Amino acid sequence: MSESQGPLSGIRVVEFAGEIGYCGKLFANLGAEVIQIEPIEGNPIRRAAPFYKDIPDKEGSLQFIYQNTNKKGIVLDIENEQGREIFLNLVKTADLLLESFPPGYLNKLNLGYDQLSEINPRLVYTSVTGYGQNGPYRDYPWSDITALAMGGLLYLAAEGVDLPVRAPDNQAYMMGALHAAAGSMTALLEAEQSGRGQYLDISLQECVACALENAIQFYDLEGIVRRAIGSQEAGFGFYPCQDGYVYLVAGMGNNVNLWNALADWLIKHKVEGADILARDEWKTPQYRKTAEAKQRFYDIFVPFTMKHNKTYLFENGQEQRVTIAPVNNAKDICEDSHVKYRKFIVDYFSESLGGQVFMPGAPFRLSQTPWKLGTEPPEFGQHTAEILQEIGYDTKQIQEFKQGGVCIVAKASS
């Protein structure tokens, strides 16, 4: 097999993780050899929209492409006795196993941590599930939205008496992938020193709860059940502008410097009514929290913002030390001059699709051993024959496995 390059070169990861595939991507794009195992029916992400040119195809899911760059892929039925044997032989060569099956599933197949650690004592075995491997919820089914709900983020995302709000796509899965990657890397470092691997139990519910900022501490210390802050006082929150919304942080407790900068900015622009914002009562949160203050500020500020777009308000406001920022959507991010300067959005030509594909790039910058996008995601069964040969199976055996439905071998690799 080809040698990978990068800070994690020499680490082999076996991934059977479905929706948690971003975890393996973090390893793959830093040089680890990541072998994604797909079930016979395929990784469910292959069926996830959006698709390249809006044509549903198991090779065209843009989400699958994003999560699986630089990986190798095989298709294997581990419920088949021969498939389990292949899986065991592959795990013998691995440093890390990533899996997201329901608790107990792999144990029933004699593929749990106790069995695998006997044949590979250095193996780090990471399981990502909805609620973890024990406790009263462990066998409950889960999805991204149930993890967001049970972890508290749906409630926290809205304000007042609003209904809970879901962030789009699969935020809980991404949180789980990030925590799994950090935990797995820690365990790999420990295994390098001790010579022994260990088992990692990742709960999506707990990963989401970690993202609640200080909501749990508010409840613990003050008995307050937090929601989104919203517009608690004048000069704080979302305000409409010419092409969307901006977020303003000028009214924040007793910080008069923030408020003074805003008032001076508006006065310089000769905004009608702005001079009253320099009065002493506006510099106290007690007044800014009143309904009268909120409405008066809105009536002064919004006619000004509606004359300008997000970029102008942001850049001009920053020059005047005003804490204001655009509320960006995906289009805004892709077209943002700062994002472009840092080359965060990666654009490459996909040979398999015959067209350009772009996606978020490195989530961190290493000066000496940088992240590399690497190769395209594996086609369905692309590396099955190659990997099986590498772990000791000959062409005849692989053909028998293929005919018996144990594995799927892509035509290009058969």
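Throughout, read-outs are computed from the coordinates displayed, never taken from laboratory work. Quantities reported herein were computed from a predicted structural model and do not represent experimental measurements. All Cβ positions, even for glycine, are placed from backbone atoms using ideal geometry, and neighbour counts span all protein chains on display.
Things to note:
- Adding -39500 (n - 2.57) for every DSSP H run of four residues or longer, then dividing by how many residues the chain holds, sets the calculated 222 nm ellipticity at -10500 deg cm²/dmol.
- Net lengthening on full extension, residue 269/residue 55 (0.36 nm per residue, minus Cα-Cα): 72.0 nm
- Dipole magnitude (debye, nearest 20) for the chain, charges at Cβ of Lys, Arg, Asp, Glu: 880 debye
- Among 341, 173, a tally of other beta-carbon atoms within 10 Å of each Cβ gives an order, fewest to most, of 341, 173.
- Model label sites at residue 161 and residue 238, defined 7 Å from Cα along the beta-carbon direction, differ in position by 2.0 nm.
- Efficiency of FRET between residue 79 and residue 279 - r from beta-carbon atoms, R0 51 angstrom, step 0.05: 0.10
- Near residue 352, once Lys and Arg are set to +1 and Asp and Glu to -1 for all other residues with Cβ below 9 Å from its Cβ, the sum equals -4.
- Residues 159, 33, sorted so that the one with the fewest Cβ neighbours within 10 Å comes first: 159, 33
- Other residues lying with their Cβ under 15 Å from the Cβ of residue 277 contribute a combined charge of -1, Lys and Arg counting +1, Asp and Glu -1.
- Relative to the longest principal axis of the Cα atoms of the chain, the long axis of helix 81-91 makes an angle of roughly 60 degrees.
- Candidates 384, 290, 186, ranked by Gaussian network fluctuation over the chain, Cα under 10 Å, top entry: 290
- The GluC sites (Glu not before Pro) of segment 257-339 that meet both conditions, a loop assignment by DSSP and at most 15 other Cβ atoms within 10 Å of the site Cβ, are 272.
- Distant-in-sequence amide H partners of residue 200 (H built 1.01 Å from N, under 5 Å): 125, 126, 127
- Over the C-alpha trace of segment 1-74, radius of gyration and Dmax come out as 12.6, 38 angstrom.
- Lys/Arg +1, Asp/Glu -1 at C-beta; the chain dipole; positive extreme among 339, 115, 167: 339
- Residue 256 paired with residue 107, simple spin-label distance in nm, labels 7 Å along Cα-to-beta-carbon: 6.4 nm
- Table column - 3J(HN,Hα) (Hz), segment 217-223, Karplus curve with 6.51, -1.76, 1.60, x for Gly and Pro: 5, 4, 5, 5, 8, 10, x
- One way to sum up the overall shape of segment 236-330 is the equivalent ellipsoid from its Cα gyration tensor, whose semi-axes run 20, 13, 13 Å, largest first.
- Ranking of 306, 185 by count of other Cβ atoms within 10 Å, fewest first: 306, 185
- Candidates 202, 40, 65: whichever shows maximal mean-square fluctuation once the chain is modelled as a Gaussian network with Cα springs under 10 Å: 40
- Whole-Hz ³J(HN,Hα) from phi, Karplus 6.51 cos²θ - 1.76 cosθ + 1.60, for segment 382-396, glycine and proline x: 4, 10, 4, 4, 4, 6, 4, 5, 5, 9, x, 8, 8, 4, 5
- Over all other residues within a Cβ to Cβ distance under 13 Å of residue 393, the charged ones net out to -3, with Lys and Arg as +1 and Asp and Glu as -1.
- Shown in residue order for segment 267-283 are the 3J(HN,Hα) couplings computed by the Karplus curve 6.51 cos²θ - 1.76 cosθ + 1.60 at θ = phi - 60°: 5, 4, 7, 6, 6, 4, x, 5, 4, 5, 5, 7, 5, 4, 4, 6, 8 Hz (x for Gly and Pro).
- The Cα center of segment 50-110 and the Cα center of segment 350-414 differ in position by 11 Å.
- Degrees between helix 291-305 axis and first principal axis of the chain (Cα, 0 to 90, nearest 10): 80 degrees
- Candidates 269, 308, 179, ranked by Gaussian network fluctuation over the chain, Cα under 10 Å, top entry: 269
- Descending principal axes extents, segment 342-386, alpha-carbon based, whole Å: 36, 24, 13
- Distant-in-sequence amide contacts of residue 15, defined by a placed amide H-H separation under 5 Å and a gap of 5 or more residues or a different chain, comprise 35, 36, 37, 98.
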